[in-house]
Amino acid sequence: MNIPSKYDPVSVEDKWYAYWVEQGFFKSTPDDREPYCIVIPPPNVTGVLHMGHMLNNTLQDVLVRRARMQGRNALWVPGTDHASIATEARVVNMLAEQGISKNELTREEFLKYAWEWKEKHGGIILEQLKKLGASCDWDRTRFTMDEALSESVIRVFVDLYNKGKIYRGVRMVNWDPRALTAVSDEEVIYREVKSKLYYVRYFLEEGEDAVTIATTRPETILGDTAVCVHPEDERYRKFHGKTVMVPLVNRPVPIIVDSYVDMEFGTGALKITPAHDINDYELGIKHNLQSIDIFNDDGTLNDAAGLLVGEERFRARELIVPELDRAGNLVKTEDYVNKVGYSERTDAVIEPKLSLQWFLEMKELSKPALENVLNDNIQLQPSKFKNTYRHWMENVKDWCISRQLWWGHRIPAWYYGEGPNDFVVAASVEEAVKLAREKTGNGALTSDVLRQDEDVLDTWFSSWLWPISVFDGIRYPDNEDINYYYPTNDLVTAPEILFFWVARMIIAGYEYRNEKPFDTVYLTGIVRDHKRRKMSKSLGNSPDPIELMKKYSADGVRVGMLLCSPAGNDLLFDESLTEQGRNFSNKIWNAFRLVKSWKVDPDLEQPAHSTEAIHWFTARINRALRKVDDQFNKYRISDALMIIYRLFWDDFSSWYLETVKPAYEAPIDAATYERTIGFMDQLLHMLHPFMPFITEEIWQLIKRREKGESLMISPMPEPEGYSRKLIGQFEEVKEVVTGIRGIRKDKNIPPREKIKLLVRSSANGTYHSRLEPVILKLANLSHTERVSDEPADAVSFIVKNVEYFVPVGDMLDRGEELKKMEAELEYTRGFLTSVRKKLDNERFVQHAPEAIVENERQKLADAEGKIAVLEAQINRLRSR
């Protein structure tokens, strides 16, 4: 078998991914096995792979590959989201580059361009995920505007409307003047900005007095319909019930009183603009105030403003200030820092705006979703997000579900007149005609009279059904797929969409299946750079994942991402981590090549050092299997990887292979070789979910395989019993070997020169003679001797209260030895003090697990024994 000296990830990755797909290993259909299912958080159809996707999808692939190897019927459902705002913006920009305006097109013409764009660009990110190794069932790929999913969305809208949960009305919404649509509260990002605070006096309608207000938005003065003061504010008591004139437009408006006003902010008097501020809107309803909308949809001033008509809102702000000054209304201007809302999609400053929209009533719908997270029926990992989730769900507002766009699911409302209630809601125009005839009593009414609502539904109104609709569970609620795979097992997503996606999926799950959509939500952190900035194209701090994979391999990038990604905590990404992942791949490859290079002598007897190393590593790998299981159960996936990483790099490569490795050009016995290949096989199984490509390549090379065999469908090893005592004793052996190697280095004793080792046990320390063959091999010793007295001219060290001496003759520097012993004594005394403090803490002793307390007591005994030995050594050395 010709094994290349260097691992070539490019050819290996393409080869094995094609093989997995060809063999159908990613496919899943219902059977009698236990299912394991993940639905992908559908990336935007506009998207290309970024570092957040890399982390999220690596974690999903690790979970699904592991479940598959554990014998479960694993399914990972892929798909994309139609992303109304983002996709429409892309298509509008594409058309603009061709000299075409959206306004020149009919809806049908525009949608034709949109679908063409989607077919050309929409699958890019899924193809990129294949490079990462994503083991999705690609035959089940879904798109939120597929026919089945679209029909499901429309059915749910009609159902909720008929249940009285969906209503249409004028409400204050977050308006995006760039996208020309309403957006939800969760799609508004607030940032602190440097603003100005303008102090403006409003003169009373009668008399010379004035009330001064402070505002950051002087352009909205043109829409003011009141001034408000606190009823207990003595400064303004004389103004109660009076009327002031709105500056520049000279509109008389009342001075109202309300305890909402903060007397400490600004002047303690507020201008009230019900059409352009959510709090003013509530006050306007409470006090029956007029509402004057002064903005067009694009953020320019309209005729209702009376002044600066047609000016863009921020330009209007610049222009109105000198006008206020000339009119004698401007008192002063101050620098001010305040929070301003920006559209998550377009980065435009959000304009609070009264708008006729469709809303979903959320208070009652959301109750099961809150209850089943708080009682851990659905687990959030890490659990720290429960409080955040509870706060949001207890203060949930009605969801504005309409968007003023063309790309998306068109609202199934049909209008037959101009009145506010002259509409019906139906899944089809035929059904709409039937309902309209019933509602109007006009049996001759036809579809020609009906006009469908121009708006589309919020993108999240389709993706909240995702775990159900990918299995067609809305249209066919009792089909085989939905009954088998739902509820799914794990959802891996980011905390920033916990509310407007995860919570809503839970709501939909209980509304339409009376069941949770998933058992566990694993919340990843945000990928940041070394300066803790979120990675983004605009900052230029986000590497191209495809280029990273070309440079460091897919396995290397997967490992690099996971080495620093604790659940729920931000990942500080550094390219050196992916380099570390690549180096680990090389380490695995070189270990494999070393083992396969050994010649086997079937007649050779197994040496004692190999026998003991095999016993030890068998225990070590079984302990690791148990620990990895435990970490996965706790969703500490990075910690699970680190256990396997250290097991391979440290225990297997540095200790086990070094112990059993035959002398140069000498053969190895068959028993040791077979066990070593067996260990390599187990390690490859453990590593495969994290590093699928290199593990498959090596597994296929270890021995001849038949077509249709693969590591990815080979059973994961089950942990067996193991000796903790043996593992502990071998750790002592490591310390002994390290101590001897340190003496060789300090005294320039060549590694090939055999030396002897003198050993003195004590009442508190036992030398494990059974493992002596390992020490002889690794430390290159001629022999060992037991001594009762401290030998002269020997350098010593202590491991678990056993003294070890290496005779060095006249190379011994007593002063240097004394200094080293005194330093070690001081350190051990400090360590003993810290252990005693812990054990003196009654709370620790009473509440910590018994195993941990017992471990601390053992540390105490070991430290006390070591101190006694060191003190005796120091005294003897001083007396010479």
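The values are calculated or read from the model by the stated rules, or taken from the named source; none is laboratory data. Model, not experiment: these values are computed from the prediction. A quick note on method: Cβ atoms are made from the backbone with ideal geometry, for glycine too, and the neighbour counts reach across all protein chains shown. Please note that ligands, DNA and RNA were not included when accessible areas were found on the heavy atoms of the full protein model with its side chains. Shrake-Rupley method; radii C 1.70, N 1.55, O 1.52, S 1.80 Å.
Odds and ends about this structure:
- For segment 503-525, the set of residues classified as in contact with a strand residue (DSSP E or B) (Cβ under 6 Å, 6 or more places away or on another chain) and within 17 Å of residue 56 (Cβ to Cβ) consists of 518, 520, 521, 522, 525, listed by residue number.
- Filtered by the rule that a residue be closer than 14 Å to residue 778 by Cβ, in contact with a Ser or Thr (Cβ under 8 Å, 6 or more places away or on another chain) and either aliphatic (A, V, I, L, M) or open to solvent by 70 Å² or more (accessible area, probe 1.4 Å) (or both), segment 593-618 gives a lone residue, 613.
- Counting only residues that are more than 12 Å from residue 43 (Cβ to Cβ), open to solvent by less than 60 Å² (accessible area, probe 1.4 Å) and either modelled with pLDDT under 95 or not polar (S, T, N, Q) (or both), segment 122-135 holds 3 of them.
- Residues in segment 640-662 that are touching a residue at least 60 places away in the same chain (Cβ under 8 Å) and either surrounded by 20 or more Cβ atoms within 10 Å (Cβ to Cβ) or not polar (S, T, N, Q) (or both): 641, 642, 645, 648, 649, 652, 655, 657, 658, 659, 661, 662.
- Among the conditions (1) surrounded by fewer than 18 Cβ atoms within 10 Å (Cβ to Cβ); (2) touching a helix residue (DSSP H, G or I) at 6+ places or on another chain (Cβ under 9 Å); (3) in contact (Cβ under 8 Å) with a residue 60 or more places away in the chain; (4) of a type outside the set (A, V, I, L, M, F, W, C), residue 384 misses just one, which is (2).
- Candidate set: segment 751-787, residues that are under 52 Å from the mean Cα position of the chain (by Cα) and assigned to a strand (DSSP E or B); chosen: the one farthest from residue 802 (Cα to Cα): 781
Let's see how each residue does on (1) open to solvent by 10 Å² or more (accessible area, probe 1.4 Å); (2) outside any loop (DSSP other than H, G, I, E, B):
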| site | (1), (2) |
| --- | --- |
| 32 | yes, no |
| 38 | no, yes |
| 41 | yes, no |
| 46 | yes, no |
| 52 | yes, yes |
| 64 | no, yes |
| 68 | yes, yes |
| 74 | no, yes |
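- Among all residues of segment 367-376, there is at least one that is part of a loop (DSSP other than H, G, I, E, B), within 28 Å of residue 460 (Cβ to Cβ) and open to solvent by 60 Å² or more (accessible area, probe 1.4 Å).
- Subset of segment 244-284 (residues that are outside any helix (DSSP H, G or I), open to solvent by less than 40 Å² (accessible area, probe 1.4 Å) and among the small types (Gly, Ala, Ser)): 266, 268, 269, 275
- Residue count, segment 417-473 (criterion: open to solvent by 40 Å² or more (accessible area, probe 1.4 Å), in contact with a helix residue (DSSP H, G or I) (Cβ under 6 Å, 6 or more places away or on another chain) and among the hydrophobic types (A, V, I, L, M, F, W, C)): 2
- The number of residues in segment 211-236 being over 15 Å from residue 250 (Cα atoms) and β-branched (Val, Ile, Thr) comes to 5.
- Some residue of segment 808-824 being assigned to a loop (DSSP other than H, G, I, E, B) and in contact (Cβ under 8 Å) with a residue 24 or more places away in the chain: yes
Residue-by-condition table, conditions (1) in a loop (DSSP other than H, G, I, E, B); (2) in contact with a Phe, Trp or Tyr (Cβ under 7 Å, 6 or more places away or on another chain); (3) among the aromatic types (Phe, Trp, Tyr):
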| position | (1), (2), (3) |
| --- | --- |
| 468 | no, yes, no |
| 501 | no, yes, yes |
| 506 | no, no, no |
| 509 | no, no, no |
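- Test set (1) of a type outside the set (Gly, Ala, Ser); (2) at pLDDT 95 or above; (3) within 24 Å of residue 341 (Cβ to Cβ) - residue 185 fails condition number: (2)
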